[in-house]
Amino acid sequence: MSDEDQGILWEVFIQVKAGRPFKHVGSLHAYDKEMAMKAARDLYTRRNEGNGIWIVKAENIISSDINDGESFFDPSNDKIYRHPTFYKIPDGVKHI
Amino acid sequence: MEDEKKLIQFQQKIDQDIKIEPRDWMPEKYRQTLIRQISQHAHSEIIGMQPEGNWLTRAPSLRSKKILMAKIQDEAGHGLYLYCAAETLGIKREQFLQWLHEGKAKYSSVFNYPTLTWADMGAVGWLVDGAAIVNQVSLQGTSYGPYARAMVKICMEESFHQRQGFEIMVQLANGTKEQKEMAQDAVNRWWWPSIMMFGPHDSESAHSNQSLKWKIKRESNDELRQRFIDKTIEQGHHLGLIFPDPNLKLNPETNHYDYSPIDWDEFWNVVKGNGAGNRQRLNHHIKAHEDGKWVREAAIAYAKKSNLKQKSA
Ligand SMILES: [Fe+2]
Ligand SMILES: [Fe+2]
């Protein structure tokens, strides 16, 4: 029984309402994309949790390297002028 | 040396309530504890469908059949969320099933008890799901990210389980004399097993301290058990049913209910697999798994074939 017969891993993303971003909700096993889509519906939207579903083969997801996360995100550290709080606005100026 | 430094950083993260994610460094013992606990939890959800499936065709109305079906479907979902969470620790789904079938992995022994009457469906939802919810609400704060996220989703779905069970108890407790007796009989049989679901006392629990330090568990067995007892007794008073423990009394000093010593011999007997239903539950799972083999084979063959077609098109 140790042969691999449980299907492949898919990641599931749900859009709660039209106009909202798709968010990761979990994963599932399925053998092909039709089955993955039906399983995603049955597993993750039994209570109207979604308006749309994306499924992606887990192996197709490319993710940043957790071990050099700090240096990878370095370039944004010294650019505080990207934040609105960097700028001095005279007192009394509104709606800016 | 390197590991020692990592261990200190790991504990710092835990202390700051930063979740641990699958690719983060973790002590081997943390990983092993999670593999054991999450897979045991997953198996419990899956095996837990059996005592309820037993009543699907005999539930007294179309309404109750539909509700029971929805509950069982939820439990299947809970098992699947948890298997996925456990798999992030580097073990394959096939392996978890094999360990279950070989008896190396456990599931909650409460599911080895038989469900004899319709009142048992009420008592299971009210007491067994009720106890599980107390545990699961606490586990929403567990330190391992995938496990915590699965728990949040599970807790959202569980709340109807306990209510539907309590509704059955209300109906029977207010019904004919026979129905009321049936409800009382179910409480008599399910009260102690559901209290034992929280596991051994803190003083006897081998893994407890390290699990609390690593925040795998957020509260101890006895704390969770006491919370369950306190709130359930008040619910029982509404039903007018009696709990099978003459020593249940509100202690004015602690403001908690005191209870009789637990019969742990029976607990360990059932955990070790001597419960009436143990062999039956496992055999049923193995048979269902083997009967489904041709479906899995066909699905794999179909997926391969449509992959080839796509590539040549
Ligand atoms: Fe559940
Ligand atoms: Fe449940």
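The values are calculated or read from the model by the stated rules, or taken from the named source; none is laboratory data. No experiment lies behind these values; they were computed from the predicted model shown. Using ideal geometry, Cβ is built from the backbone for each residue, glycine included, and neighbour counts are taken over all protein chains shown. Ligands, DNA and RNA are stripped out before the accessible areas are found, and what is left, the full protein with its side chains, is counted by its heavy atoms. Shrake-Rupley method; radii C 1.70, N 1.55, O 1.52, S 1.80 Å.
With all protein chains present, how much of the accessible area of the protein assembly as shown (probe radius 1.4 Å) comes from carbon and sulfur, to the nearest whole percent?
55
At 1.4 Å probe size, with every protein chain present, just tell me what the per residue accessible area of the range B:1-312 comes to in Å².
Spelled out: the 1.4 Å probe surface of the range B:1-312, per residue, equals 50 Å².
Name the trypsin sites (Lys or Arg not before Pro) in the range A:1-51 that are in a loop by DSSP and that have at most 12 other C-beta atoms within 10 Å, would you?
Taking the range A:1-51 and a limit of 12 other Cβ atoms within 10 Å, the loop trypsin sites (Lys or Arg not before Pro) found are A:Lys17, A:Arg47.
Would you please classify the overall shape of the range B:1-312 from the alpha carbon gyration tensor, given that a ≥ b ≥ c denote the square roots of the eigenvalues, rounded means a/c under 1.5, and beyond that prolate means a/b larger than b/c while oblate covers the rest?
In terms of gyration-tensor shape, oblate.
B:Lys215's amide H: which non-local residues (gap 5+, or another chain) put their own amide H closer than 5 Å, with H modeled 1.01 Å from N in plane and none for Pro or chain starts?
For B:Lys215, whose amide H was placed from the backbone, there are no distant partners under 5 Å.
Quick one: how many lysine pairs does chain A have with C-alpha atoms less than 25 Å apart and a gap of 8 or more or different chains? Give me the count, please.
Lysine pairs meeting the criterion: 9.
Toward the positive end of the charge dipole of chain B, about the Cα centre and with charges on Cβ (Lys, Arg +1; Asp, Glu -1), which of B:Gly236, B:His161, B:His43 goes farthest?
B:His43
Any idea how many Lys pairs in the range B:1-147 come in under 19 angstrom at the alpha carbon, given 8 or more places apart or on separate chains?
For the range B:1-147, qualifying lysine pairs total 12.
How large is ³J(HN,Hα), in whole Hz, for each residue of the range A:82-88 in order, when computed from phi with the Karplus curve 6.51 cos²θ - 1.76 cosθ + 1.60 and θ = phi - 60°, using x for Gly and Pro?
7, 9, x, 5, 5, 9, 9
For the pairing of chain B with chain A, what total accessible surface becomes buried, with a 1.4 angstrom probe, in square angstrom to the nearest 100?
Separately minus together, B and A give about 2300 Å² buried.
Per residue in the range A:19-48, which ones lose no less than 20 Å² of accessible surface when going from chain alone to all protein chains (1.4 Å probe)?
So the qualifying set is A:Ser27, A:His29, A:Tyr31, A:Asp32, A:Lys33, A:Leu43, A:Tyr44, A:Arg46, A:Arg47.
Once the Cα atoms of helix A:33-44 and of chain A are each reduced to a long axis, what angle between those two axes, in degrees from 0 to 90 to the nearest 10, is obtained?
The two axes meet at around 70 degrees.
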